[in-house]
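Let me begin by presenting the structure, written as structure tokens, before commenting on it.
The values are calculated or read from the model by the stated rules, or taken from the named source; none is laboratory data. Bear in mind the structure is a predicted one, so any value in this text is a computation, not a measurement. Here the Cβ is made from the backbone with ideal geometry for all residues, glycine too, and neighbour counts use every protein chain on show. Please note that ligands, DNA and RNA were not included when accessible areas were found on the heavy atoms of the full protein model with its side chains. Shrake-Rupley method; radii C 1.70, N 1.55, O 1.52, S 1.80 Å.
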Amino acid sequence: MQQRAKYNLNALSHDTAIGLIQHVLDAGVQVTEVFVDTVGPAEKYQEKLKRHFPELEVTVRPKADSLFPIVSAASICAKVARDRAVKNWRFLEDLGDVSLEYGSGYPNDPKTKEWLAQCLDPVFGYPQFVRFSWSTAQTILESKAVPVHWDDSESDPALQGTRSVLSFFARKEASKRQPHRFFHERKLETVTGL
């Protein structure tokens with residue numbers, strides 16, 4: 001989420017759903033219909049899934065969990081799996097004396113908010129467990145962490161037209177060299193088009 005080319009949660013959700021469907025198909029399950037709760041515009045998401053799986057009947061709807069019992073069941077399974085992952089999380093970082101009572105991890109949970117305020121490092125922010133782009137974390141970072149300004153040469157008009165360091169290492173147009181004897185003896189030639 002913090003990379004220059006962001007991988008947003010909608011794209012993550014779409015790619016995960018596509019991966020799950022493909023995994024089930026690869027396992028030999030005979031799927032004919034797929035029901036999905038929308039992430040982003042339902043029509044675009046449905047078209048995307050239909051392009052990937054033209055043999056399936058795909059239904060994407062907002063609030064699909066309240067419209068289709070199978071989506072409701074899947075939603076409950078996903079929530080249980082997520083809650084278990086959060087509860088059993090093993091931190092890579094040494095949190096020192098910070099309490100591991102971080103609550104449910106949902107933004108409206110007071111325990112989670114308290115934990116976010118308690119475990120904030122003013123320079124480095126949070127452990128990997130926390131999604132920095134989450135608005136609750138962003139608010140705490142903006143109010144209690146050291147402000148950071150990232151200079152970005154792409155948006156700085158003063159640096160427009162400045163050559164990239166990599167351009168100094170670009171290959172010069174080489175003169176046509178003779179192919180190795182191996183290729184010549186076997187009458188092999190480089191093909192650049194079909």
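At a probe radius of 1.4 angstrom, the accessible area of segment 91-146 per residue rounds to 64 square angstrom.
Which label marks the calculated value of Rg and Dmax of the Cα atoms in Å, given the options (i) 20.3, 79; (ii) 16.2, 49; (iii) 25.8, 77? After the calculation, the listed value that fits is (iii). Once C-alpha pairs closer than 8 Å and six or more residues apart are averaged by separation and normalised to the residue number of the chain, the relative contact order reads 12 percent. In the chain, helices alone account for a calculated mean residue ellipticity at 222 nm of -12000 deg cm²/dmol, with every DSSP H run of four or more residues adding -39,500 (n - 2.57).
Classify segment 23-62 as rounded, prolate or oblate, taking a ≥ b ≥ c as the square roots of the eigenvalues of its Cα gyration tensor: rounded when a/c is under 1.5, otherwise prolate if a/b is larger than b/c and oblate if not. Since a/c reaches 1.5 and a/b is larger than b/c, the shape of segment 23-62 is classed as prolate.
Each of Arg163, Arg177 has its accessible area taken with a 1.4 Å probe; listed largest first, they run Arg177, Arg163.
For helix 42-52, what angle does its Cα long axis make with the longest principal axis of the chain, in degrees from 0 to 90 and rounded to 10? Between the helix axis and the principal axis of the chain, the angle is about 50 degrees.
Based on Cα contacts under 8 Å between residues 6+ apart, segment 9-88 shows a relative contact order of 27 percent.
Provide the gained length on full extension for the span Lys111 to Arg84, in nm with one decimal, where the gain is 0.36 nm per separating residue minus the Cα-Cα distance. It would help to have the intermediate numbers written out before the result.
Details: separation 27, 0.36 × 27 = 9.72 nm, distance 1.69 nm.
Result: 8.0 nm gained on full extension.
What separates the Cα centres of segment 125-145 and segment 50-70 is a distance of 34 Å.
Roughly to the nearest percent, how much of the accessible area of the chain is carbon and sulfur, given a 1.4 Å probe? Walk me through the numbers before you get to the answer.
Numbers: 9000 of 15870 Å².
After summing per-atom areas, the C and S share lands at 57 percent.
Hey, what angle do you get for helix 110-119 against the long axis of the chain, alpha-carbon based, 0 to 90 degrees rounded to 10? For 110-119 against the chain, the angle is about 60 degrees. Listed peptides 60-69, 92-101 appear in the order 60-69, 92-101 once ranked by packing, highest mean of other Cβ atoms within 10 Å at the front.
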